[in-house]
Amino acid sequence: MAKLQGILMFSHIHPDNYNQQLNDKETAMKRMFADFNLPELELFRSKPLNYRQRAEFRIWHEGDDLYYIMFNSETKQKFRVDYFPVASELINQAMVGLITAIKNNELLRRKLFQVDFLSTLSGELLISLLYHKPLDEEWEKEARSLKTTLSDIAPVDIIGRAKKQKVILDKDFVMESLTVADNTYVYQQVENSFTQPNATVNEKMLLWAQQATANLGGDLIELYCGNGNFSIAMAENFDRVLGTEISKTSVKSAQVNIAANKIANIDIVRMSSEEFSQAMNGERKFRRLEGFDLTAYNYDSVLVDPPRAGLDPDSVELVSRFERIIYVSCNPETLKDNLTQLCKTHTIEKFALFDQFPYTHHVETGVVLTKKK
């Protein structure tokens, strides 16, 4: 019965449904932004299946049986998951291989309550095992044996997590390869740090941003730059790129990625958009900006990819000073609120819908605005 429930849970996730759900999103976006003078909406499709490079599952123990479960976010009903159609084929292979390997291994399965998977288009895999028990040397020995077994599927690393413990076998990141136009970029993606989950749509987002800023020159400021996802792909269009990011982990990855891609015109500083605004206005001095002369930058173009809360009022005021704004949004509601303010000073030149999250209500959008003359 549990297996049947799992099948029913994903019955709406089918290639036959894809075009209709995408059409519905397009219609909803046009309706939501009907009060704005929008250009023709650009639509970027996802793969209908196996598009997510990340997935996480709770583990259910039922006698000698062991399987993955997910919860309905509204009813909290649990569903058994033997196959996850939205996850990459590599994750689905690893799901089967992991359960098969640990089902009869008391040390690895006992008090295991969650498994997280991170895969890449480049074929690497990272698996995190979360426990309600301390992890000792015996666990590590068995986990290394598990790593060897799963390496038949793909190059794999394993992380064990318990209260105040993180055991890494042998690294806590993967290296992704993304192809944009004629270039291939590599990105370090660390466990539990933000990365775009739909890698092939991410490639389309990067190409869109690259083409939207082609031959501009000048300097690019990127707020919320993460691991350098956009900065690295767009650097060729600008004289200099300055990225800001508050997460230490993401800043560290961005530095790794800049070096790995041999890009010389990007600098990353660890600060929030609010702090950067204060620094630009001369309201505060930051030790993290020692060696940077913010007055020397040509503030023509800015890219923002904020969290779901969108841009706060100070950040809206900051980006409104730029000649050109590239705004990538994961929340149409907050995007609409921000555009209401930004369209007082700017005109929308491009509007794109990226289907990062098929079969859900979530929508990723991209907007290019230019200052009114």
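The values are calculated or read from the model by the stated rules, or taken from the named source; none is laboratory data. Predicted, not measured: the structure shown is a model, and the values here were computed from it. Note that each Cβ is placed from the backbone with ideal geometry, even for glycine, and that neighbours are counted across all protein chains shown.
Take Glu364 and tell me if it is modelled with pLDDT of 90 or more, over 22 Å from Thr213 (Cβ atoms) and of a type in the set (D, E, K, R).
When the stated conditions are applied, Glu364 does not pass them.
So which residues in the stretch 71-95 are without any contact (Cβ under 8 Å) to a residue 12 or more places away in the chain and not polar (S, T, N, Q), if there are any at all?
Correct list: Glu74, Lys76.
Tell me the residue from Asp239, Asp219, Asp172 that is more than 22 Å from the chain's Cα centre (by Cα), surrounded by 16 or more Cβ atoms within 10 Å (Cβ to Cβ) and closer than 23 Å to Arg270 by Cβ, please.
None of the other options fit; the residue is Asp219.
Is it the case, given these coordinates, that Ser151 is crowded, with 18+ Cβ neighbours inside 10 Å and not hydrophobic (A, V, I, L, M, F, W, C)? Please lay out each step first, then the result.
On the way: crowded, with 18+ Cβ neighbours inside 10 Å: no; not hydrophobic (A, V, I, L, M, F, W, C): yes.
It is false that Ser151 is crowded, with 18+ Cβ neighbours inside 10 Å and not hydrophobic (A, V, I, L, M, F, W, C).
Could you give every pair whose Cβ atoms fall below 6 Å, whose first residue belongs to the stretch 345-356 and is in the same structural domain as Trp208 (by TED's automatic domain parsing), and whose second residue is of a type in the set (S, T, N, Q), counting only separations of at least 6 or pairs across chains?
Close Cβ pairs satisfying both conditions: Thr345/Ser320; Thr347/Thr370; Glu349/Thr370; Leu353/Thr365; Asp355/Ser46; Gln356/Asn198.
Kindly provide the set of residues from the stretch 221-278 that are among the β-branched types (Val, Ile, Thr), in contact with a strand residue (DSSP E or B) (Cβ under 7 Å, 6 or more places away or on another chain) and within 23 Å of Asn298 (Cβ to Cβ), ordered by number.
Of everything in the stretch 221-278, those that are among the β-branched types (Val, Ile, Thr), in contact with a strand residue (DSSP E or B) (Cβ under 7 Å, 6 or more places away or on another chain) and within 23 Å of Asn298 (Cβ to Cβ) turn out to be Ile221, Ile232, Val241, Thr244, Ile258, Ile266, Ile268, Val269.
Under 8 Å between Cβ atoms, which residue pairs at least 6 apart in sequence (or on different chains) link something in the stretch 20-34 that is within 17 Å of Cys330 (Cα to Cα) with a partner that is acidic (Asp, Glu) and exposed (fewer than 15 other Cβ atoms within 10 Å of the Cβ)?
none
Looking at Thr213, Thr179, Thr184, Thr200, which is the one that is in contact (Cβ under 8 Å) with a residue 60 or more places away in the chain and closer than 22 Å to Tyr51 by Cβ?
Working: Thr213 fails: closer than 22 Å to Tyr51 by Cβ; Thr179 fails: in contact (Cβ under 8 Å) with a residue 60 or more places away in the chain; Thr184 fails: in contact (Cβ under 8 Å) with a residue 60 or more places away in the chain.
That would be Thr200, the only listed residue that is in contact (Cβ under 8 Å) with a residue 60 or more places away in the chain and closer than 22 Å to Tyr51 by Cβ.
Could you tell me whether Asn227 is more than 21 Å from Glu364 (Cβ to Cβ) and polar (S, T, N, Q)?
It is false that Asn227 is more than 21 Å from Glu364 (Cβ to Cβ) and polar (S, T, N, Q).
Of the conditions (1) over 27 Å from Ala87 (Cα atoms); (2) in contact with a strand residue (DSSP E or B) (Cβ under 9 Å, 6 or more places away or on another chain); (3) part of a loop (DSSP other than H, G, I, E, B), Ala214 fails just one. Which one is it?
Of (1) over 27 Å from Ala87 (Cα atoms); (2) in contact with a strand residue (DSSP E or B) (Cβ under 9 Å, 6 or more places away or on another chain); (3) part of a loop (DSSP other than H, G, I, E, B), only one is false for Ala214: (2).
Under the condition of being polar (S, T, N, Q) and under 18 Å from Ile127 (Cβ atoms), which residue from the stretch 43-60 is surrounded by the fewest Cβ atoms within 10 Å (Cβ to Cβ)?
It comes out as Asn50.
Which of the residues belonging to the stretch 176-193 are at negative phi and surrounded by fewer than 17 Cβ atoms within 10 Å (Cβ to Cβ)?
Ser177, Thr179, Asp182, Asn183, Thr184, Val186
Would you please name the residue that is nearest to Val367 (Cα to Cα), looking only at residues in the stretch 294-335 that are of a type in the set (D, E, K, R) and out of contact with any Ser or Thr (no Cβ under 9 Å at 6 or more places or on another chain)?
The residue in question is Glu333.
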